[in-house]
1. Of all residues in segment 247-261 being under 14 Å from the mean Cα position of the chain (by Cα) and more than 9 Å from the ligand (Cβ to nearest atom), which is surrounded by the fewest Cβ atoms within 10 Å (Cβ to Cβ)?
2. For Ile244, work out the one condition from (1) within 16 Å of the ligand (Cβ to nearest atom); (2) β-branched (Val, Ile, Thr); (3) farther than 21 Å from Trp51 by Cα it doesn't fulfil.
3. Wholly within segment 300-357, which strands (runs of 3 or more DSSP E) include no fewer than the required count, namely at least 3 residues that are in contact (Cβ under 8 Å) with a residue 60 or more places away in the chain?
4. Answer yes or no: is there a residue in segment 140-158 that is in contact with a Lys or Arg (Cβ under 6 Å, 6 or more places away or on another chain) and more than 13 Å from Lys115 (Cβ to Cβ).
5. Look through segment 352-375, keep the residues that are within 15 Å of the ligand (Cβ to nearest atom) and buried (at least 23 other Cβ atoms within 10 Å of the Cβ), and return whichever of them is nearest to Lys15 (Cα to Cα).
6. Among the residues of segment 422-447, what is the count of those that are over 20 Å from Gly464 (Cα atoms) and assigned to a loop (DSSP other than H, G, I, E, B)?
7. Does Ala318 satisfy the condition of being within 12 Å of the ligand (Cβ to nearest atom) and more than 23 Å from Glu263 (Cβ to Cβ)?
8. May I ask you to list the residues in segment 23-71 that are in contact with a helix residue (DSSP H, G or I) (Cβ under 7 Å, 6 or more places away or on another chain), among the hydroxyl-bearing types (Ser, Thr, Tyr) and more than 22 Å from Ala247 (Cβ to Cβ)?
Amino acid sequence: MAQEDLFRKLVAHCKEYGYVFPSSEIYDGLSAVYDYGQYGAELKNNIKKYWWDSMVLLHENIVGIDAAIFMHPTTWKASGHVDAFNDPLIDNKDSKKRYRADVLIEEHMAKIEEKITKEVDKAKEKFGEAFDEKKFRETNPRVLANQAKLDEVHTRFAKALNDSNLAELKQIIIDNEIVCPISGTRNWTDVRQFNLMFSTEIGSTADGSMKIFLRPETAQGIFVNFLNVQKTGRMKLPFGIAQIGKAFRNEIVARQFIFRMREFEQMEMQFFVQPGTELDWFRHWKELRMKWHQALGFGAENYRFHDHEKLAHYANAACDIEYKFPFGFKEVEGIHSRTDFDLKQHQQYSGKKMQYFDPERNESYVPFVIETSIGVDRMFLQIISAAYCEEELKKEDGTTDTRVVLRLPSYLAPVKLAVMPLVKKDGLPEIAEKIVHDLKFDFNCQYDDKDSIGRRYRRQDAIGTPYCITIDHQTIEDQTVTIRYRDTMAQERVKIGQLKDIIAEKVNIRSLLKKL
Ligand code: GAP
């Protein structure tokens, strides 16, 4: 299936099965804002629990906080967001559509890279075992020409970003004949900077109101609480502060469903370290975060690191963890070595010493910071993309059927088990209800007695429920039920009394955390 088709189906599936709805849909929705439905909210909570426990439970030296969204406006002056949290914008004069200039160029580079990959794949298929990819890449004229083109754009692009050279960004677009996807023309405006923060007012105008911002990242709520947490928690370096919360950005190019939203949620952890040790910690957190992603079992080949060309104003090293979405490798998480920039800025703007007294060195200093920052919604999309699967099934009469299944890791699945009486009589519903009543304290259970058993299985497959328990007439005789496994569709008979242990072993987040 073409990747665009797959993505379209995924979005439709999320809506049809209660995962994600467009915000205020009855009023035609609000661009780049989404609501999570009954299953989406559960999945989101499970993702957050996986992250929170991996930070706060597994590390004695990491604690969690929950800071307010509204912050004193000087916070954003100090952090640099008022002056530098901008995206380079360009408009197409014919379609009147607005784009991020850097995204247009990145997409152009991705297309060249795709051409190279296609050429290599074609040759691989033709030559089979004997294929020497390295030699092919070094000698094939078409690959070489495209590689040279890619390298040239890449070098110019990196330099333009580093120099914040907006005229050069436009020139790259012109020179590479990049067209507007809507109008197909190259009739571009100049590139301009656009600040991404939303603002509002706090207090009534009669009392004198103050312009404040909706936080564009949760990190600043951690920095301004550095002293509070360090002192009240008697934290010793190195230590971390973790937080999950909403962030807001007035994104210009809000596309690809929940990949880029205007209201989203972040899971961020700031790890405070001795100056001079930050690059070792940066490497440590890179590895640890990659392990966290890969523990979900979606295949190591679908993840990669991407080191930043342009470092943000606060960083001395930065990298992304990218996942292979249906629309290509894209960032899911950022790991940044933020130096002592933020604490020093807050020290300067607030006049409060943002320092740590190091008893071993017998001196005070401003710690350096490693940040891990991941979007809950983007992680949600990554998981749903990886889990969505359409399978061809052979029926007994020789015909085929398609099954849509969400192969969610059991610990993340919104519903852990569905309990189904085979028929709505003969005392079977009562047994099913009792099983739900007994297990609901441990797992998210669903009672399901509508439609044929086959349709019920399919419905649960589409939601991603890992276990279906069926109660039939044999249950009355020997207290056994059928447990049906979502991924293999295999079924086995087990005693009702064994259900809790069997399911607990598979869905308990402990087994996932133990992999870290
Ligand atoms: N505190 C650092 C920071 O905010 P970032 O790279 O701008 O860094 C971190 O964002 C993560 O937040 C991204 O890797 C992504 O997962 C998520 N994120 C950022 N902007 C987003 C948006 N508009 N919609 C959804 N997720 C977003």
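Where a number appears in this text, it was derived from the coordinates with a stated rule and is not lab data. Keep in mind that what you see is a predicted model, and the values were worked out from it rather than measured. For neighbour counting, all protein chains shown are included, and Cβ atoms are generated from backbone atoms with ideal geometry for every residue, glycine included.
1. Gln256
2. Every listed condition holds for Ile244 apart from (3).
3. Correct list: 328-339.
4. There is no residue in segment 140-158 that is in contact with a Lys or Arg (Cβ under 6 Å, 6 or more places away or on another chain) and more than 13 Å from Lys115 (Cβ to Cβ).
5. We begin by selecting, within segment 352-375, every residue within 15 Å of the ligand (Cβ to nearest atom); these are 369-375.
Next, from what is left, pick out any that are buried (at least 23 other Cβ atoms within 10 Å of the Cβ): 369-372, 374-375.
Details: Val369: 40, Ile370: 37, Glu371: 34, Thr372: 30, Ile374: 24, Gly375: 20 Å.
Checking each candidate, the answer is Gly375.
6. Total satisfying the criteria: 7.
7. Against the criterion (within 12 Å of the ligand (Cβ to nearest atom) and more than 23 Å from Glu263 (Cβ to Cβ)), Ala318 qualifies.
8. Within segment 23-71, just Tyr39 meets the criteria.
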